[in-house]
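I have placed the structure first, in the form of structure tokens, so that the comments after it can refer back to it.
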Amino acid sequence: MNFKYMRIQGREHSWITKYPKGIFGMCWRMIQDGQMSPEDEDTFRKIDKWFVENLPEPEACKNGDKVITFFKKETTDEMQKILLPAMQILDKYNHPYDVVYTNFVGKIIYEDEWQVAVRVEDGEMI
């Protein structure tokens, strides 16, 4: 089956969206909680920096709106290569996550070459 979207998400929910945290939220929480070694933190910060410099940040994300993002499947392979070290960090610290492929993401409120953003309310995509 051909899927349109992919998301790497944890099993703990974001306090903002009530939806499972994405990979960036999981890694930042681990850093804030002092769970990563300095080397792993540096690795993740380099990944985050690449994304900040190379992908537009949806306005709704900047505003702290209740949104989640999915990568577009046609660009997923490139994104997963860049995110692989972050996934390995999650594995190293036994932090559970799921790689979700879907065609159903709700109403898209933002879209660029790499990703889409959708609104979430009470943990459900609208």
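Taking the criterion of being touching a Cys at 6+ places or on another chain (Cβ under 7 Å) and outside any helix (DSSP H, G or I), no residue of segment 70-90 qualifies.
Being touching a residue at least 40 places away in the same chain (Cβ under 8 Å), exposed (fewer than 12 other Cβ atoms within 10 Å of the Cβ) and either more than 16 Å from residue 112 (Cα to Cα) or of a type in the set (Asp, Glu) (or both) is a description that applies to residue 64.
Could we say that residue 64 is at pLDDT 95 or above and either in a loop (DSSP other than H, G, I, E, B) or under 16 Å from the mean Cα position of the chain (by Cα) (or both) here?
Working: at pLDDT 95 or above: no; either in a loop (DSSP other than H, G, I, E, B) or under 16 Å from the mean Cα position of the chain (by Cα) (or both): yes.
In short, no.
Residue-by-condition table, conditions (1) closer than 14 Å to residue 82 by Cα; (2) in contact (Cβ under 8 Å) with a residue 24 or more places away in the chain; (3) more than 14 Å from the chain's Cα centre (by Cα):
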site: 5; (1), (2), (3): no, yes, no
site: 19; (1), (2), (3): no, yes, no
site: 24; (1), (2), (3): yes, yes, no
site: 33; (1), (2), (3): no, no, yes
site: 41; (1), (2), (3): no, no, yes
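Can you find a residue in segment 107-117 that is in contact with a strand residue (DSSP E or B) (Cβ under 8 Å, 6 or more places away or on another chain), assigned to a loop (DSSP other than H, G, I, E, B), of a type in the set (A, V, I, L, M, F, W, C) and crowded, with 17+ Cβ neighbours inside 10 Å? Yes, segment 107-117 has at least one match. A Cβ distance below 7 Å, combined with a sequence gap of six or more or placement on separate chains, defines the contacts here; from segment 84-112, residues that are under 20 Å from residue 36 (Cβ atoms) reach residues that are loosely packed, with under 12 Cβ neighbours inside 10 Å and modelled with pLDDT of 95 or more in the pairs 96/11. Among the residues of segment 2-20, is there at least one that is assigned to a helix (DSSP H, G or I), within 18 Å of residue 116 (Cα to Cα) and either in contact with a Phe, Trp or Tyr (Cβ under 7 Å, 6 or more places away or on another chain) or of a type in the set (Phe, Trp, Tyr) (or both)? No, because not a single residue in segment 2-20 is assigned to a helix (DSSP H, G or I), within 18 Å of residue 116 (Cα to Cα) and either in contact with a Phe, Trp or Tyr (Cβ under 7 Å, 6 or more places away or on another chain) or of a type in the set (Phe, Trp, Tyr) (or both). Are any residues in segment 91-106 aromatic (Phe, Trp, Tyr) and either part of a strand (DSSP E or B) or within 17 Å of residue 14 (Cβ to Cβ) (or both), and if so, which ones? The answer is 97, 101. When segment 1-35 is filtered for residues that are out of contact with any helix residue (DSSP H, G or I) (no Cβ under 6 Å at 6 or more places or on another chain), surrounded by fewer than 19 Cβ atoms within 10 Å (Cβ to Cβ), under 20 Å from residue 101 (Cβ atoms) and among the charged types (D, E, K, R), only 11 remains.
For segment 50-61, residues that are of a type in the set (D, E, K, R), assigned to a helix (DSSP H, G or I) and over 21 Å from residue 123 (Cα atoms) total 1.
The values are calculated or read from the model by the stated rules, or taken from the named source; none is laboratory data. What you see is a predicted model; the values in this text were computed from it and never measured. Every residue, glycine as well, gets a Cβ built from its backbone with ideal geometry; the counts of neighbours run over all protein chains shown.
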